[in-house]
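Written out below as structure tokens is the structure these notes cover.
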Amino acid sequence: QVQLVESGGGLVQPGGSLRLSCTAVGSIDSTYTMAWYRQAPGKQRELVAGIYTGGNTKYVDAVKGRFTISRDNPKKTTYLQMNSLKPEDTAVYYCNMAGWEGVYWGQGTHVTVSS
């Protein structure tokens, strides 16, 4: 059984930065895809960024150039560095890891961008 533990959310002013972390407790290996999703109030959950086995990354257009996803395989951890934050980035951010044994979700961490 795998549990994903997220941290790093909070309140930040527009233009500020936050770094989210997500660590897997349990059996995750380097073949797993790691990703971050977000869900804003009244909206559907959307993929924000993903990082794949070979290190390739993918971003939704709205965050390109501002967010960076990375992974540390020995630590079973993925990070989302968020810069130049905007009010429209306000959402609950969820970590996701997917591999041959299943798909796992974090509990969600709130990010609020407001002055």
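The values are calculated or read from the model by the stated rules, or taken from the named source; none is laboratory data. Small disclaimer: the values here were computed from a predicted structure and weren't measured. Methodologically, a virtual Cβ is constructed for each residue, glycine included, from the backbone with ideal geometry; neighbour enumeration extends over all protein chains shown. Heavy atoms of the whole protein, side chains included, go into the accessibility calculation; ligands, DNA and RNA do not. Shrake-Rupley method; radii C 1.70, N 1.55, O 1.52, S 1.80 Å.
Given Gln3, Gln39, which one is over 18 Å from Val111 (Cα atoms) and polar (S, T, N, Q)?
Result: Gln3 is the single residue among Gln3, Gln39 that is over 18 Å from Val111 (Cα atoms) and polar (S, T, N, Q).
Restricted to segment 10-34, and to residues that are in contact with a Ser or Thr (Cβ under 7 Å, 6 or more places away or on another chain) and at pLDDT below 95, which residue is least open to solvent (accessible area, probe 1.4 Å)?
Among those residues, the one meeting the criterion is Ser30.
If you scan segment 53-75, which residues turn out to be part of a loop (DSSP other than H, G, I, E, B), open to solvent by 50 Å² or more (accessible area, probe 1.4 Å) and either of a type outside the set (Gly, Ala, Ser) or more than 14 Å from Thr33 (Cα to Cα) (or both)?
Thr53, Asn56, Lys64, Gly65, Asn73, Pro74, Lys75
Being farther than 20 Å from Ala91 by Cα, open to solvent by 20 Å² or more (accessible area, probe 1.4 Å) and of a type in the set (A, V, I, L, M) is the requirement here; does Val5 meet it?
Here the answer is no, as Val5 does not meet what is asked.
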